[in-house]
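Written out below as structure tokens is the structure these notes cover.
Read-outs throughout are calculated quantities, based only on the coordinates presented, and are distinct from any laboratory measurement. Quick caveat: nothing in here was measured; it's all calculated off a predicted structure. Counting neighbours? That spans all protein chains shown, and the Cβs are built from the backbone with ideal geometry, glycine included.
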Amino acid sequence: MSEITKPDSRVIDFSFYQKKKFYNEFHAIVYKEFNKSISDINNFFGYDSDHLFEILEEVYDEGGPIKMREEIGYTIESFKLEFGLKKTTC
């Protein structure tokens, strides 16, 4: 009797590449909007060197790429408010 074997199935995890893409976009937005690096922002607020990325990692783990993009948007908006770049409407 021959035994039926299952084909070798492997799950490919693209989360590393997604996160890397989001981090690169985050870097680009921060530099474009504020002319600062992520390290400059961390120093400005007195955070540890990887603080912002740790937050984004936690958000990705809890909600995936959609939540990570939302968190990046919220973070950018809060930086705009902090640095006074938000235009007010009257």
Worksheet item: Out of the stretch 11-33, which residues are within 20 Å of Ile55 (Cα to Cα) and either free of Cβ contacts under 8 Å to residues at least 24 places away in the same chain or not in a helix (DSSP H, G or I) (or both)?
Response: Phe14, Phe16, Tyr17, Lys20, Lys21, Asn24, His27, Ala28, Tyr31
Worksheet item: In the stretch 46-57, which residue that is in contact with an Asp or Glu (Cβ under 9 Å, 6 or more places away or on another chain), without any contact (Cβ under 8 Å) to a residue 24 or more places away in the chain and part of a helix (DSSP H, G or I) is nearest to Phe83 (Cα to Cα)?
Response: Ile55
